[in-house]
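Reading through the structure tokens given below for one structure.
The values are calculated or read from the model by the stated rules, or taken from the named source; none is laboratory data. From a predicted model like this one, the values you see are computed outputs, not experimental measurements. Because the Cβ atoms are built from the backbone with ideal geometry, glycine has one as well, and the counts that use them run over all protein chains shown. In case anyone asks, the SASA skips ligands and DNA or RNA and just uses the protein heavy atoms, side chains included. Shrake-Rupley method; radii C 1.70, N 1.55, O 1.52, S 1.80 Å.
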Amino acid sequence: MSHYLYLVRHGEQENAEHGINDGPLSERGRAQAHLIGRRLAAVPLSETYTSPLDRAVQTSAVIDQYTSGPAALESTLLFDCIPTGQDGAPSIYDGFFGGIGDEVIEAGVAQMSDAYDTFFSKSRDDRHTLLVTHNFVIGEFVRRVVDAPEWRWLGLNSVNTGLTVVRVRTRKPAELLLFNDQSHLTPELRTGVSASIAI
């Protein structure tokens, strides 16, 4: 049997371009949330968890309107964070890590270790879990699934409400079934990192 995880980045945040850390969804973000909700409507969700940040909670609330599983629960394990330190990363990322304190990195490493152990558990029965979270968190989950170098969550980017699906199997390694799929979004609704790729 398999445990399927559906990883969704929150919808576009209002005024995100102004460097605001958290806030409500923009009008476009709400439209994105409705579209991913419709896409997930047929999935027999066993459980849904969301980051406690407003943009994720609001995305999850919209998705809940379409899905038949239990209402989403907030989990601090899905907070936006810096998942690892700089060790092994190419020098091009020096500027990014230069402004981040050791305590922030240590907290992110601990959070992501606990998050992976908590959510990527094996199951005796088919199970379907939705996680509404953030770009770096999804990148780190994917990095762990494919066993890439620790810094490689950098560059594993998801657009707003992009869909990633992982299958955790009982006896074999986890499989990445889908990454950052945007097929539910029209080109004008593809926002966030790497959104400019029109496919």
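Numerical summary
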item	result
Test: residue in the range 76-83 that is surrounded by fewer than 20 Cβ atoms within 10 Å (Cβ to Cβ), hydroxyl-bearing (Ser, Thr, Tyr) and in contact (Cβ under 8 Å) with a residue 40 or more places away in the chain	no
Positions within the range 1-50 being in contact with a His (Cβ under 6 Å, 6 or more places away or on another chain), buried (at least 18 other Cβ atoms within 10 Å of the Cβ) and either assigned to a strand (DSSP E or B) or of a type in the set (Gly, Ala, Ser) (or both), in sequence order	4
One residue from 89, 110, 71, 174 being closer than 27 Å to residue 24 by Cβ and either small (Gly, Ala, Ser) or surrounded by fewer than 18 Cβ atoms within 10 Å (Cβ to Cβ) (or both)	71
Identity of the residue in the range 142-167, touching a residue at least 60 places away in the same chain (Cβ under 8 Å) and over 14 Å from the mean Cα position of the chain (by Cα), that ends up least open to solvent (accessible area, probe 1.4 Å)	151
Checklist (1) part of a helix (DSSP H, G or I); (2) open to solvent by 20 Å² or more (accessible area, probe 1.4 Å); (3) within 24 Å of residue 14 (Cα to Cα) applied to residue 62, failing item	(2)
Residues that are of a type in the set (Asp, Glu) and within 16 Å of residue 190 (Cβ to Cβ), drawn from the range 21-43	27
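One line per residue, one yes/no per condition, for (1) over 15 Å from residue 6 (Cα atoms); (2) modelled with pLDDT of 95 or more; (3) acidic (Asp, Glu); (4) touching a Ser or Thr at 6+ places or on another chain (Cβ under 8 Å):
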| position | (1), (2), (3), (4) |
| --- | --- |
| 108 | yes, yes, no, yes |
| 130 | no, yes, no, yes |
| 133 | no, yes, no, yes |
| 140 | no, yes, yes, yes |
